[in-house]
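Heads up: the structure comes next, in structure tokens.
Just so you know, all these numbers are worked out from the coordinates, no wet-lab data involved. This structure is a prediction, so every number in the text was calculated from the model and none was measured. A quick note on method: Cβ atoms are made from the backbone with ideal geometry, for glycine too, and the neighbour counts reach across all protein chains shown.
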Amino acid sequence: MNVKSKEKQENSAVELVIEVGAEEFEAAVDKVYRKNRKNISVPGFRKGHAPRKIIEGMYGSGVFYEDAIDELYPAAYAQAVEQEGLDPVAYPKVEVVEAGKNGFTFKALVTVRPEYKIGTYKGLSASKEEVKITDEDVENELKPYIQRATRLVNVEREAKEGDTVLIDFEGFDNGVPFEGGKGENYALELGSHSFIPGFEEGVVGLKPGDEKDLDVTFPEDYTPELAGKPVVFKIKVHEVKEPQPPVLDDEFAKDVSDFDTLEEFKKDLGEKLKERREHAAEHAFEDAVMDALIENLEVELPQAMVDFRADQVIQDYAERFERQGIPFQQYLQMTGQTLESMREQGRGAAERQIKYEMALDAVAAAENMAVTDEELEAEYKSMAEQYSMEVDQVKAAAPADDVKTTLLRRKALELVKAEAKAEKPKKTAAKKAEKTEEGEAPAEEAPKKRATRSRKGTPTPAETASEQE
């Protein structure tokens, strides 16, 4: 391999003209011939036994050149990049210039890491939420436990919103039953809006044993067969159940937690909620600090670099789905996406990730940061524990240079965060308007609920549950 020329191009690209000699090329051509001759039939010779010269005479002297070039150019390109000290950040664009008995020559347009520098990285300002936990917050944390402990008790009275009724129903369009409009012993929570508008409201007021013909109209955005149609549902109520929440006392706490008293349980819920919110606030602060840092990064990213990183993200997604037994093409079809649409969506995130890394690398360089052997060994041990592997296995899978880069970026991030100024989030004009002079939010009429919306699909009124509000 010989690099004949090296020329800088626009957009952080370098064009290499790389030459592979006759001897090396001849060896590759012969290798390709021996590999493929078993598939070539030549009159007068047993299949797979035709001499190379005969085959070349029939199909041309360059019949094996393309495969030979494919065999050689990746290694030749890698050697050339290393020899010239380049740092590629995307796949190269390769073009064969000539090929023959004297070898072959190709051009490689290499996108390299662009030059970049960081401006101010100390004393950056970013907003950070102050975490406070109120009694109302704790009560909200308690609600799921109350809901799980709530029992449904049969009552002999008219059904009201919030009750669960056990019903039979069948829908008729001009006296004819329609597909998907029938259910037996169906448990319906009134007020859940899991059926089309008007259905649940029509059941309110019925008692066990009552029957009713309910006139309703399907929404205009329902399936074409029923959209906008007036229909009749014949309903029979078997049971009416009302929710009976548990008594909130120490016994309740013992039943739903590991605590002996309700006070202890609430305290634990509050502490865990505060920890989660503090963790979220810290992450949000870190993101805001990094946004401020990236603003001070001077760099012009080549598009090929961004596209390459976006493709890597897509490849990671594909491998993850494949491990779960879901073909990636099937996932794309299910979500109505294409590779190009995914790439387009991923370019923004890819660009930020690249700038994130560059900014931290620039800070580490400016601070002359280094990773000691002890720090590297400690990180390997931590990774081994995290992945339940032996340290030697981790070392084989994670090159030391990559781990050191990760550690340096972590150090740089810690420095930037430590030097950053945390500010209270600025209140928007809308939030300020919510406050009166006394600091209380003005009393307002509760907003009216929007009309519920039926989903398009199998024409069963119960199937609208996930789309209703």
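Only four residue types carry charge here, +1 at the Cβ of Lys and Arg and -1 at the Cβ of Asp and Glu. Report the dipole size of the stretch 186-309 about the Cα centre in Debye, rounded to the nearest 20.
Numbers: 14 positive and 32 negative charges, 147 e Å.
Here the stretch 186-309 has a charge dipole of around 700 debye.
Find, among the trypsin sites (Lys or Arg not before Pro) in the stretch 36-110, those assigned to loop by DSSP (not H, G, I, E, B) with at most 13 other beta-carbon atoms within 10 angstrom. Please report the intermediate quantities before stating the final value.
Values: sites: Arg37, Lys38, Arg46, Lys47, Arg52, Lys53, Lys93, Lys101, Lys107; in loops: Arg46, Lys47, Lys101.
Answer in residue order: Arg46, Lys47, Lys101.
Can you list the HN-Hα couplings for the stretch 174-181, worked out from phi with the Karplus curve (6.51, -1.76, 1.60; θ = phi - 60°), rounded to whole Hz and with x for Gly and Pro?
Values per residue, Gly and Pro as x: 6, x, 10, x, 10, 4, x, x Hz.
Output needed: percent of Cα pairs per 10 Å distance bin for the chain, bins running from 0 to the one holding the longest distance.
3, 10, 13, 17, 17, 13, 11, 9, 4, 1, 0
Mean Kyte-Doolittle hydropathy of 0.5 or higher plus an axial Cα length of 24 Å or more: which whole DSSP H helices in the chain meet both?
Details: long enough: 65-84 (27 Å, -0.60); 262-295 (49 Å, -0.87); 303-323 (30 Å, -0.81); 339-366 (39 Å, -0.43); 400-419 (29 Å, -0.36).
Helices passing the filter in the chain: none found.
Exceeding 23 Å between C-alpha atoms, which entries from my cross-link table qualify? They are Lys266/Lys424; Lys117/Lys404; Lys53/Lys93. Display every interim value, and only then the final one.
On the way: Lys266/Lys424 28 Å; Lys117/Lys404 21 Å; Lys53/Lys93 33 Å.
From the list (Lys266/Lys424; Lys117/Lys404; Lys53/Lys93), the Cα-Cα distance tops 23 Å for Lys266/Lys424; Lys53/Lys93.
Taking R0 as 41 Å, what FRET efficiency do you get between Lys272 and Leu332 from their Cβ-Cβ distance, rounded to the nearest 0.05?
On the way: r = 39 Å, r/R0 = 0.94.
With R0 = 41 Å, the Cβ-Cβ based efficiency is 0.60.
In the structure shown, do any of Lys128/Lys411; Lys143/Lys267; Lys107/Lys355; Lys8/Lys107 have a Cα-Cα gap over 18 Å, and if so which? Could you put the intermediate results ahead of the total?
On the way: Lys128/Lys411 21 Å; Lys143/Lys267 15 Å; Lys107/Lys355 29 Å; Lys8/Lys107 13 Å.
Distance filter (> 18 Å) returns Lys128/Lys411; Lys107/Lys355.
Rounding to the nearest 20 debye, state how big the charge dipole of the chain is about its Cα centre with +1 on each Lys and Arg Cβ and -1 on each Asp and Glu Cβ.
On the way: 66 positive and 99 negative charges, 431 e Å.
So the magnitude is around 2060 debye.
Using +1 at the Cβ of each Lys and Arg and -1 at the Cβ of each Asp and Glu in the chain, identify which of Ser125, Val63, Tyr77 lies farthest towards the dipole's positive end.
Selected residue: Val63.
In units of 2.2 N^0.38 Å, what is the alpha-carbon radius of gyration of the stretch 151-244?
Numbers: Rg = 13.3 Å, N = 94, 2.2 N^0.38 = 12.4 Å.
In units of the globular-protein estimate, the stretch 151-244 measures up at 1.08.
Please express the Cα-Cα pair-distance distribution P(r) of the stretch 258-423 as a list of whole percents, one per 10 Å bin, running from 0 to the bin with the greatest distance.
Calculated P(r), rounded to whole percents: 8, 22, 29, 28, 11, 2, 0.
With labels modelled as points extended 7 Å from the Cα through the Cβ direction, what inter-label distance (nm, one decimal) is found for Ser388 paired with His279?
Label at Ser388, label at His279, 2.0 nm between them.
With both bridge residues required to lie in the chain, what share of the DSSP beta bridges run antiparallel, to the nearest 5%?
Details: 54 of 57 bridges.
Around 95 percent of the beta bridges assigned by DSSP in the chain are antiparallel ones.
With unit charges on the beta carbon (Lys/Arg positive, Asp/Glu negative), name the residue among Phe45, Pro114, Ala397 whose Cα is farthest towards the positive pole of the charge dipole of the chain.
Highest projection toward the positive end goes to Phe45.
Can you give me the long-range amide H partners of Leu206? Hydrogens built in the peptide plane at 1.01 Å from N, cutoff under 5 Å, separation of 5 or more residues or another chain.
Hits under the 5 Å cutoff: Ala159.
Helix-only mean residue ellipticity at 222 nm, the chain, DSSP H runs n ≥ 4 weighted -39,500 (n - 2.57), per residue, nearest 500. What is it?
Values: 14 runs with 208 residues, N = 469.
Roughly -14500 deg cm²/dmol at 222 nm, from the helical runs in the chain.
If the limit is 28 Å between Cα atoms, which of Lys212/Lys241; Lys122/Lys395; Lys381/Lys421 go over it? Please report the intermediate quantities before stating the final value.
Details: Lys212/Lys241 19 Å; Lys122/Lys395 34 Å; Lys381/Lys421 34 Å.
Result: Lys122/Lys395; Lys381/Lys421 exceed 28 Å.
Would you mind working out the magnitude of the charge dipole of the stretch 78-122 relative to its Cα centre, with +1 at each Lys and Arg C-beta and -1 at each Asp and Glu C-beta, to the nearest 20 Debye?
Details: 6 positive and 6 negative charges, 39 e Å.
My answer is approximately 180 debye.
Round to the nearest 0.05 the FRET efficiency obtained for Asn11 and Leu152 when R0 = 56 Å and r is the Cβ-Cβ distance.
Numbers: r = 67 Å, r/R0 = 1.19.
Rounded to the nearest 0.05, the efficiency is 0.25.
Please name whichever of Gly162, Gly183, Phe172 sits farthest to the positive end of the charge dipole of the stretch 147-195, dipole taken about the Cα centre and charges placed at Cβ: Lys and Arg +1, Asp and Glu -1.
Going by the charge dipole, the pick is Gly162.
Could you work out the relative contact order of the chain, using alpha carbon pairs under 8 angstrom and six or more residues apart, expressed as a whole percent?
Numbers: 667 pairs, mean separation 85.2, N = 469.
Worked out over the chain, it gives 18 percent.
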